1. Taking the simple approach of a point 7 Å from Cα along Cα-to-Cβ for both residue 237 and residue 144, what is their distance in nm?
2. Provide 31, 242 in ascending order of the number of other Cβ atoms located within 10 Å of each residue's Cβ, fewest first.
3. At a Förster radius of 41 Å, what calculated FRET efficiency corresponds to the Cβ-Cβ distance of residue 49 and residue 247, to the nearest 0.05?
4. Kindly identify segment 24-92 as rounded, prolate or oblate by the Cα gyration tensor criterion: order the square roots of the eigenvalues as a ≥ b ≥ c, call it rounded if a/c is under 1.5, otherwise compare a/b with b/c, prolate if a/b is larger, else oblate.
5. Give me the one-decimal nm value for the distance between modelled label points at residue 85 and residue 114, 7 Å along each residue's Cα-to-Cβ direction.
6. Which of rounded, prolate, oblate describes segment 13-147, given a ≥ b ≥ c as roots of the alpha-carbon gyration tensor eigenvalues and a/c under 1.5 marking rounded, otherwise prolate only if a/b is larger than b/c?
7. Under 27 Å from the Cα of residue 215, which lysines turn up, not counting those fewer than eight places away in the same chain?
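What follows draws every value from the coordinates through simple rules; no lab data is involved. Model, not experiment: these values are computed from the prediction. Quick reminder, even Gly has a Cβ in these numbers, built from the backbone with ideal geometry, and neighbours come from all protein chains shown.
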Amino acid sequence: MLRIAKTVFLSASLTILLSACAHSPTGRNQLLLFSGDQMANLGQRSFEEMKQSQPISSDQAINAYVQCVTDAILAVVPPQADFSEWEVVVFDSEQVNAFALPGGKVGVYTGLLNVADTPDQLAAVIGHEIGHVLADHSNERLSRSQLATLGLTITGMSMSDSPYAAMAMAGLGLGVQVGILLPYNRAQESESDKIGLQLMHQAGFDPSASVALWKNMAAASEGAPPELLSTHPSPDTRIQALEKGVKALPQVPHRLTPRCQKPSQPH
Ligand SMILES: [Zn+2]
């Protein structure tokens with residue numbers, strides 16, 4: 001009897017897999033099990049939790065600066081189907097970190113401004129993080145972890161369990177934060193670097209600042225590694241790929257760099 005249940009389950013899984021194949025903006029095959037709406041909802045809920053639990057910077061100059069750089073990047077991002085507005089929040093924390101969640105939620109930690117020295121370098125980080133959202137990376141990694149969970153539930157299934165019940169259980173057992181903040185893999189990181197480079201270039205920032213940024217990041221990582229590096233690929237590989245990417249971009253004769261003023265003493 002268990003065998004029948006397994007067969008039903010596997011064919012249901014296969015149907016899901018076949019209908020869930022997609023392509024990322026750079027043409028990579030992706031498995032996406034969740035709808036854009038579901039992901040936006042998860043991202044927004046997770047962001048609200050973070051805003052409740054982490055201190056938010058009240059420094060007006062820093063907020064204006066981060067908003068200015070983010071707005072410049074967003075000016076070249078096409079409208080999204082699953083949410084209407086992007087939101088950026090500056091968290092007051094020494095962590096060298098930033099993130100962007102599905103649903104258009106961007107978080108920047110004040111500690112990042114000690115490493116991202118210039119508006120162009122900050123644009124490199126924000127472009128990279130927004131790249132994760134544009135390429136559905138959270139959906140992809142959540143889909144993978146969900147499949148792993150489903151795989152584990154097969155052995156424990158009885159006849160009364162439908163595959164959909166098992167799936168619902170797996171979904172319920174998954175904490176919002178855990179699911180949405182799993183580390184990205186290397187392919188996703190490289191892809192976000194490429195997208196970020198395009199975005200900052202189109203927005204008028206100097207794309208070579210991305211190379212300077214990751215060099216700063218590597219230097220700052222001596223001792224305790226910054227958060228951004230701990231889940232990202234090796235700095236040397238990344239810097240080489242970015243240098244290549246910068247060279248491949250079309251030349252802009254008269255670049256109109258967005259006027260975002262970095263406050264003199266971030267704290
Ligand atoms: Zn990343």
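1. Taking the simple label geometry, residue 237 and residue 144 are separated by 1.3 nm.
2. Values: 31 15, 242 26.
Least to most surrounded, the residues fall as 31, 242.
3. That gives a FRET efficiency of 0.50.
4. Here segment 24-92 falls in the oblate category.
5. 3.3 nm
6. Here segment 13-147 falls in the prolate category.
7. 105, 194, 244, 247, 262
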